[in-house]
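Working notes, beginning with the structure itself.
The values are calculated or read from the model by the stated rules, or taken from the named source; none is laboratory data. Given the structure is predicted, the values throughout are model-derived calculations rather than measurements. With ideal geometry, Cβ positions are generated from the backbone for all residues, glycine too; neighbour counts draw on all protein chains shown. Only protein heavy atoms, including side chains, enter the accessible area calculation; ligands, DNA and RNA are left aside. Shrake-Rupley method; radii C 1.70, N 1.55, O 1.52, S 1.80 Å.
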Amino acid sequence: MRVYCAVFALGLRRYSTYRAATVAAVFTNVVFGLINASVLLALFHARPEINGYDATDAVTHVFVAQALMGPVAVMGPPLELAERIRTGEIAVDLMRPASPLAWWLSHDLGRAAFAVAARSVPTFTAGALVFPLALPDAPARWAWAAGALALASLIGFAFRYLYAVSGFWLLDTRGVSALTHLIGPVCAGMLIPLVLFPAPVAEVLRALPWAAMVQVPVEVFLGKDTVPGGGPAGALAFQAAWAAALLGLAALVTARAARRVVVQGG
């Protein structure tokens, strides 16, 4: 456990050194949030309510989603593990007396913790200064929202880890990353709230693990009863089930890959 705590601290310290990149990321999140919120306000001006969302809910969704972009990393960054598999450096990693999955999870949780403080809080604060946002009205809902954020970060890591370890078979994961960068934000509700999709499509998207990274945490934050299970406990159970399934699959794939490591060049 001491090793993984040290790796967590390493990830936190490593990403805290990229200050210019962090400022640029916050600026990008805020600008995109302002544009997206303006578009949705125009839509809700024509239709004041859509499937339980009003204009304030929609704008809040935008800025919570933008705040989640850093810790959950729906659109990256890709794990360095993918490049280590491509170059063959993974052979050294597998010789360490530590689980690769737990190692990279600890490192990524350090990155996510820094992203919450340095990206999520400033992004959401900027949105709250420009628009009236729907904030939780009770400490318990803030606690549920924090739990949803933690589980969303686990799911985001599990996805990116699976993309990375596909390199054991594909040797180059750039195609996988490019495809998932197109699919993930749409299915997660990052670009458009899932409530704006036709009901049959929205129901299918809600059942997929991508929704557990953005749409479900947003609805827990808003206190909507449309979340899986009809309440925050059901929503977090839905997220926990997908996190366990994806991390279990990641452990299985890692075990199989370790038995057939092929280092390019020999």
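So the values come out like this:
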{"read-out": "Relative contact order (%) - criterion: Cα under 8 Å, at least six apart; region: the stretch 2-260", "value": "26 percent"}
{"read-out": "[x] 142; [y] 113; [z] 132, with the label sought being that of the calculated volume of the Cα convex hull per residue in Å³", "value": "[z]"}
{"read-out": "For the stretch 170-187, 3J(HN,Hα) per residue [Karplus equation, 6.51 cos²θ - 1.76 cosθ + 1.60, θ = phi - 60°, Hz, x = Gly/Pro]", "value": "8, 6, 9, 9, 5, x, 4, 4, 4, 5, 6, 5, 7, 7, x, x, 6, 5"}
{"read-out": "Label-point separation in nm, Val130 to Phe32, each point 7 Å along Cα→Cβ", "value": "1.4 nm"}
{"read-out": "Cβ-placed point charges (K, R +1; D, E -1), dipole of the stretch 2-260 about Cα centre in debye, nearest 20", "value": "900 debye"}
{"read-out": "Most positive-pole-ward Cα, Ala255, Pro232, Ala37, against dipole of the chain from beta carbon charges", "value": "Ala255"}
{"read-out": "Charge-dipole axis of the chain as Lys and Arg at +1 and Asp and Glu at -1 on Cβ define it, positive-most pick from Val216, Trp103, Ile50", "value": "Trp103"}
{"read-out": "Sum of side-chain charges, Tyr15 neighbourhood, beta-carbon under 14 Å (Lys, Arg +1; Asp, Glu -1)", "value": "+3"}
{"read-out": "Per-residue SASA entry for His181, accessible area with 1.4 Å probe, Å² rounded to 10", "value": "70 Å²"}
{"read-out": "Ellipticity estimate at 222 nm from DSSP helix runs (n ≥ 4, -39,500 (n - 2.57)) divided over the chain, nearest 500", "value": "-23000 deg cm²/dmol"}
{"read-out": "In Hz, Karplus ³J(HN,Hα) per residue of the stretch 71-77 (6.51, -1.76, 1.60; θ = phi - 60°; x = Gly, Pro)", "value": "x, 7, 6, 4, 10, x, x"}
{"read-out": "Area of Val204 that stays accessible when all protein chains are in place (1.4 Å probe, Å², to 10)", "value": "90 Å²"}
{"read-out": "Karplus (6.51, -1.76, 1.60) ³J(HN,Hα), θ = phi - 60°, over the stretch 248-253, in Hz, Gly and Pro reported as x", "value": "x, 5, 4, 5, 5, 5"}
{"read-out": "In degrees, nearest ten, helix 139-165 long axis to first principal axis of the chain (Cα)", "value": "40 degrees"}
{"read-out": "Heavy-atom accessible surface of the chain: percent carbon and sulfur, 1.4 Å", "value": "70 percent"}
{"read-out": "Alpha carbon centroid spacing (whole Å) that separates the stretch 139-177 from the stretch 48-95", "value": "7 Å"}
{"read-out": "Solvent-accessible area per residue for the chain (1.4 angstrom probe, square angstrom)", "value": "47 Å²"}
{"read-out": "Accessible-area order (highest first, 1.4 angstrom probe) of the listed residues Ile50, Ile35", "value": "Ile35, Ile50"}
{"read-out": "FRET efficiency estimate (nearest 0.05) - Cβ-Cβ, Leu179 to Arg2, R0 35 angstrom", "value": "0.35"}
{"read-out": "Tyr18 long-range amide H proximity, modeled H, under 5 Å", "value": "none"}
{"read-out": "Convex hull (Cα only) mean projected area of the stretch 84-230, reported in nm² to one decimal", "value": "11.1 nm²"}
{"read-out": "Relative contact order (%) - criterion: Cα under 8 Å, at least six apart; region: the stretch 12-71", "value": "34 percent"}
